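The values are calculated or read from the model by the stated rules, or taken from the named source; none is laboratory data. Quantities reported herein were computed from a predicted structural model and do not represent experimental measurements. Ideal geometry is used to build each Cβ from the backbone, glycine not excepted, and the neighbour counts take in all protein chains shown. The protein model used for the area step is the full one, side chains on, heavy atoms only, and it has no ligands, DNA or RNA in it. Shrake-Rupley method; radii C 1.70, N 1.55, O 1.52, S 1.80 Å.
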Amino acid sequence: MWSMRNLLVTGGAGFIGSNFVHHVLAHTDLHVTVLDKLTYAGNLASLADLPQNRFTILEGDIADPGIVEQAMSTADAVVHYAAESHNDNSLHDPEPFLQTNIVGTYTLLEAARRHGTRFHHISTDEVYGDLPLEGTERFTEATAYNPSSPYSSTKAGSDMLVRAWVRSFGVRATISNCSNNYGPFQHVEKFIPRQITNILDGHRPKIYGEGTNVRDWIHADDHSSAVLTILDKGIIGQTYLIGADGELSNLAVVRQILVQMGHPADAFELVTDRAGHDLRYAIDSSKLRNELGWRPAFGDFDHGLEQTIEWYRSHEDWWRPQKAAAEARYAAQGQ
Ligand code: NAD
Ligand code: TDX
């Protein structure tokens with residue numbers, strides 16, 4: 001891998017993509033080109049503190065063959081993060097999810113095929129649907145696809161395109177499916193930043209339904225180290241699940257945030273549930289750990305959460321411009 005010089009990162013101005021750009025610039029000497037449409041979820045401020053001579057930003061749509069051709073022509077490898085990523089938005093307007101997640105991935109695959117570019121596709125554990133609340137079963141690479149939402153079905157579709165382009169056209173691709181990420185630079189529409197910034201604003205956290213749904217949390221920096229490991233040592237055509245054994249109910253996460261921020265653990269509100277709300281996600285990442293030797297560095301969710309709370313406390317200038325619009329969208333949905 002270290003013979004590579006130029007890495008193309010789609011969606012590098014978003015939450016996980018920007019964490020990955022920070023990670024790559026800190027841990028390798030690669031040059032990074034970010035291709036990003038700068039939708040409501042993209043934020044150049046997330047890349048502001050980086051050495052500007054080590055990366056280039058191309059503003060453009062991954063579904064636009066012209067800009068994709070330009071970006072791919074100088075890349076040794078592409079890591080594809082760009083997506084419409086929020087389940088709640090996909091329930092209200094699925095169209096951009098089809099366009100970006102399906103047509104955009106297709107456009108990138110065709111360019112990678114023309115140029116012989118190494119391709120790593122970033123996906124989600126949500127393609128597997130959900131697990132029963134009670135039980136210890138976890139997703140593995142062999143679990144059948146069974147997505148629930150417009151978002152997860154378009155991610156499942158994009159994974160299938162990648163597999164077909166490997167088999168039919170010899171594209172040198174790998175896929176990773178990761179669990180829920182937390183950490184700095186996450187948009188305030190998502191669960192953990194929404195609750196932290198609500199509390200900072202003097203409002204109660206809002207939990208969907210009864211709060212019993214379980215998510216498997218991983219710090220975004222651990223996701224980044226896993227992706228670099230796969231880019232370096234992953235076998236072409238293979239899928240790797242990424243997770244850090246961080247299963248918690250939404251109720252437990254909110255209680256922890258409240259206590260860490262100095263409030264009573266029950267100072268939250270229950271609101272209208274999400275339609276089709278997946279019950280539980282849990283990842284078995286044995287393949288990545290045993291075959292490629294990856295280990296997460298953030299073993300302790302409490303500590304990672306504390307750092308994340310501190311980041312939002314000290315970066316109000318980063319999140320404030322998005323907060324009112326995100327809360328207005330939720331208010332319109334009774335959430
Ligand atoms: P995000 O919404 O924070 O960022 C998405 C980025 O993609 C933004 O910068 C946006 O401007 C850009 N983008 C959107 N449409 C585009 C287009 N048509 N062309 C170019 N750029 C476009 O998302 P995120 O949470 O950082 O997720 C990144 C990836 O990781 C997604 O593929 C998502 O499915 C996957 N993933 C996310 C999680 C999670 O917990 N957030 C977990 C597993 C996998
Ligand atoms: O205000 C809220 N209250 C609440 O109870 C919000 C915003 C969410 N929730 C619940 C819904 C979920 O059970 O919290 C959980 C997490 O919600 P999200 O942050 O919307 O994440 P989720 O739907 O689990 O999907 C995330 O992880 C997998 C990412 O958004 C996806 O891009 C990724 O694929």
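Some points to look at:
- Any chance Gly243 is open to solvent by 60 Å² or more (accessible area, probe 1.4 Å) and either modelled with pLDDT of 95 or more or among the hydroxyl-bearing types (Ser, Thr, Tyr) (or both): no
- Residue within the range 176-194 that is under 16 Å from the mean Cα position of the chain (by Cα), within 11 Å of ligand 1 (Cβ to nearest atom) and open to solvent by 40 Å² or more (accessible area, probe 1.4 Å) present: yes
- Test for Asp64: is it at pLDDT 95 or above and buried (at least 20 other Cβ atoms within 10 Å of the Cβ): no
- Strands (runs of 3 or more DSSP E) enclosed by the range 230-291 - at least 2 residues per element that are within 20 Å of the chain's Cα centre (by Cα) and of a type outside the set (S, T, N, Q): 239-242, 247-249
- Any hit, the range 198-207, residues being in contact (Cβ under 8 Å) with a residue 40 or more places away in the chain, outside any loop (DSSP other than H, G, I, E, B) and within 16 Å of ligand 1 (Cβ to nearest atom): no
- When Val34 is tested against (1) under 23 Å from Gln99 (Cα atoms); (2) within 15 Å of the chain's Cα centre (by Cα); (3) hydrophobic (A, V, I, L, M, F, W, C), exactly one condition is not met: (2).
- Some residue of the range 12-20 being among the aliphatic types (A, V, I, L, M) and away from ligand 2 (no atom under 16 Å from the Cβ): no
- Here the range 53-80 is the region considered, the condition is being in contact (Cβ under 8 Å) with a residue 12 or more places away in the chain and in a helix (DSSP H, G or I), and the residue that is farthest from ligand 1 (Cβ to nearest atom) is Arg54.
- Criterion: open to solvent by 40 Å² or more (accessible area, probe 1.4 Å) and small (Gly, Ala, Ser) - qualifying residue of Gly202, Gly234, Gly209: Gly202
- Long-range neighbours under 7 Å by Cβ, at least six apart or interchain, first residue closer than 16 Å to Arg215 by Cβ and in contact (Cβ under 8 Å) with a residue 60 or more places away in the chain within the range 131-159, second open to solvent by 40 Å² or more (accessible area, probe 1.4 Å) and not in a loop (DSSP other than H, G, I, E, B): Ser149/Leu91
- Among the residues of the range 129-160, those that are hydrophobic (A, V, I, L, M, F, W, C) and surrounded by fewer than 18 Cβ atoms within 10 Å (Cβ to Cβ) comprise Leu133, Ala142, Ala144, Met160.
- Answer residue from the range 81-121, given it is within 12 Å of Val171 (Cβ to Cβ) and not in a helix (DSSP H, G or I) and is nearest to ligand 1 (Cβ to nearest atom) among those: His121
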